[in-house]
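Contents: one structure, followed by commentary.
The values are calculated or read from the model by the stated rules, or taken from the named source; none is laboratory data. All values derive from a computational prediction rather than experimental measurement. Here the Cβ positions follow ideal geometry from the backbone for every residue, glycine too, while neighbour counts run over all protein chains shown.
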Amino acid sequence: MSGLNIIDQGAGNFIIDGDLTFSTIDKKTVKSFDFLKTAKHITIDLSRVTSTDSAGLALMIEWIKYTRDHKIHLHFKNIPKQLLNLARLSGFDKTNHFTSQPDSPEFTDL
């Protein structure tokens, strides 16, 4: 198990490094949306996510809701297959955020 880090790459680009799991996502993580306020276009690269579970999907959904409410364009890159499978099980695979392949350069925004 590794921790969860949100790495700022500048210009609204972020890399999620580590695990997106119940054990790494706490209330502080869920309430800390400050990184989403840094630009009107945010890209989150998930290529360095090593493990995930339904808590990871729930966090992504919270990010989507927050950015939608604040009129911020959100893009996900390199969504791990495990997260795509969870999205499919819960019906979120039909949204624009989960319709592309994990290796595609970018996902469509809201």
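Of note:
The rows are residues; the columns are (1) of a type in the set (Val, Ile, Thr); (2) surrounded by fewer than 16 Cβ atoms within 10 Å (Cβ to Cβ); (3) out of contact with any Leu (no Cβ under 6 Å at 6 or more places or on another chain).
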| site | (1), (2), (3) |
| --- | --- |
| Ile16 | yes, no, no |
| Ser23 | no, yes, yes |
| Arg48 | no, yes, yes |
| Leu57 | no, no, no |
| Lys65 | no, yes, yes |
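- If you filter the range 25-37 down to residues that are within 22 Å of Ser51 (Cβ to Cβ) and in contact with a helix residue (DSSP H, G or I) (Cβ under 9 Å, 6 or more places away or on another chain), you find that the one that is surrounded by the most Cβ atoms within 10 Å (Cβ to Cβ) is Ile25.
- Selection count where residues are under 24 Å from Ser90 (Cα atoms) and among the aromatic types (Phe, Trp, Tyr), scope the range 1-60: 2
- Looking only at the range 64-110, and only at residues there that are at pLDDT 90 or above and on the phi > 0 side of the Ramachandran plot, the one that is farthest from the chain's Cα centre (by Cα): Lys71
- Extreme residue, nearest to Phe35 (Cα to Cα), among residues of the range 62-101 that are part of a helix (DSSP H, G or I) and in contact with a His (Cβ under 9 Å, 6 or more places away or on another chain): Thr67
- Elements of type strands (runs of 3 or more DSSP E) contained in the range 1-58, each with 2 or more residues being within 16 Å of Leu83 (Cα to Cα) and at pLDDT 90 or above: 13-20, 41-52
- Residues of the range 1-14 classified as buried (at least 18 other Cβ atoms within 10 Å of the Cβ) and over 20 Å from Lys40 (Cβ atoms), total: 1
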